[in-house]
Each structure stands twice: as structure tokens, then as C-alpha cells.
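One structure is given below, encoded as C-alpha cells.
The values are calculated or read from the model by the stated rules, or taken from the named source; none is laboratory data. Model, not experiment: these values are computed from the prediction. Cβ atoms come from the backbone with ideal geometry, glycine included; neighbour counts cover every protein chain shown. Ligands, DNA and RNA are stripped out before the accessible areas are found, and what is left, the full protein with its side chains, is counted by its heavy atoms. Shrake-Rupley method; radii C 1.70, N 1.55, O 1.52, S 1.80 Å.
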Amino acid sequence: NCKEQRGASSRDMAITADTLVKFIEVDQHFLAELKRREPCGQGNRSAVLAVKDAEVRKVEIVTGKKDNHLRVVLYDGHTNATLWLWGKVFHPALREGAIVTAAFRAELREYRGMPDITLSLEAVQEK
């Protein structure tokens, strides 16, 4: 659902999503409603959500069992949220203080026996 031009800067990407959200809206009830409406999108993947004008608060590399990942904290004006960029250790738009539009997928998982919502970045565009 996210279109990217090869060789383009992060400002040149066109981000498309199924819906714009605020992070506070992405809870278990919201995800259950999305699940009921599946399949969505081309190839019937899960819905792509997007948040606009979010501030990058923190970016850190996390060492995984197989790959390294970026853990990113974004602030949408109301709520901080942690998003993951799997298998990557750099993205030019992800700098602390940058204002971005981020497209992501949300998945309800279990972590240490507790429900956990994982937000996986699909695309990021700097404002």
C-alpha cells in the first residue's frame, strides 16, 4: 500500500494508507473492528494505518536473534507510540526531532502472557 520511488529521498515518497489515525485510537477494540472488516487492501493484507505530523522522539537500534531492528518512538500531539522497523538499522527520515508521516500495520500479539499491540512501520515520509 505504500508507493516508493527508487532513488527518491524520504521527502519524495508517496504514502498511501487505508485510514489516518491517532495512536490513542489504536487499541484492542479498534483492532478487533479491523479484523471483522478483513480482508483489506491489495493481496488482502492487514490494513495500513497512518499518522500525520508525528514528531520522532527516539530512535534506537535493537539487536534481535537474527537481525537488528529500529525501535522508534513517535509523538502525534497526544500520545507517544513505539513502532518497529524490522530488519533495518537506518532510515533517513527517522531523526530525533523530525516531523513525519508514518504508515504502519498494527497487530495484536501476546508478549510474556499479556496482550500487546505491535506497530510495524511500512513507510515514513519527512514533512
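What number of residues within the range 44-85 are under 20 Å from THR16 (Cβ atoms) and open to solvent by 70 Å² or more (accessible area, probe 1.4 Å)?
4
Given the condition open to solvent by less than 60 Å² (accessible area, probe 1.4 Å), hydroxyl-bearing (Ser, Thr, Tyr) and within 15 Å of the chain's Cα centre (by Cα), answer yes or no: does some residue in the range 108-126 qualify?
Yes, there is a match, as at least one residue in the range 108-126 is open to solvent by less than 60 Å² (accessible area, probe 1.4 Å), hydroxyl-bearing (Ser, Thr, Tyr) and within 15 Å of the chain's Cα centre (by Cα).
If ARG95 satisfies all but one of (1) within 20 Å of LYS22 (Cα to Cα); (2) open to solvent by 30 Å² or more (accessible area, probe 1.4 Å); (3) modelled with pLDDT of 95 or more, what's the number of the condition it fails?
Here ARG95 clears every test but (1).
Go through (1) within 21 Å of ALA14 (Cβ to Cβ); (2) at pLDDT below 95 one by one and return the number of the condition TYR111 breaks.
Condition not satisfied by TYR111: (1).
Among what's in the range 1-24 and is farther than 12 Å from ALA103 by Cβ and either of a type in the set (A, V, I, L, M) or in contact with a Ser or Thr (Cβ under 9 Å, 6 or more places away or on another chain) (or both), pick the residue that is modelled with the lowest pLDDT.
The residue in question is ALA8.
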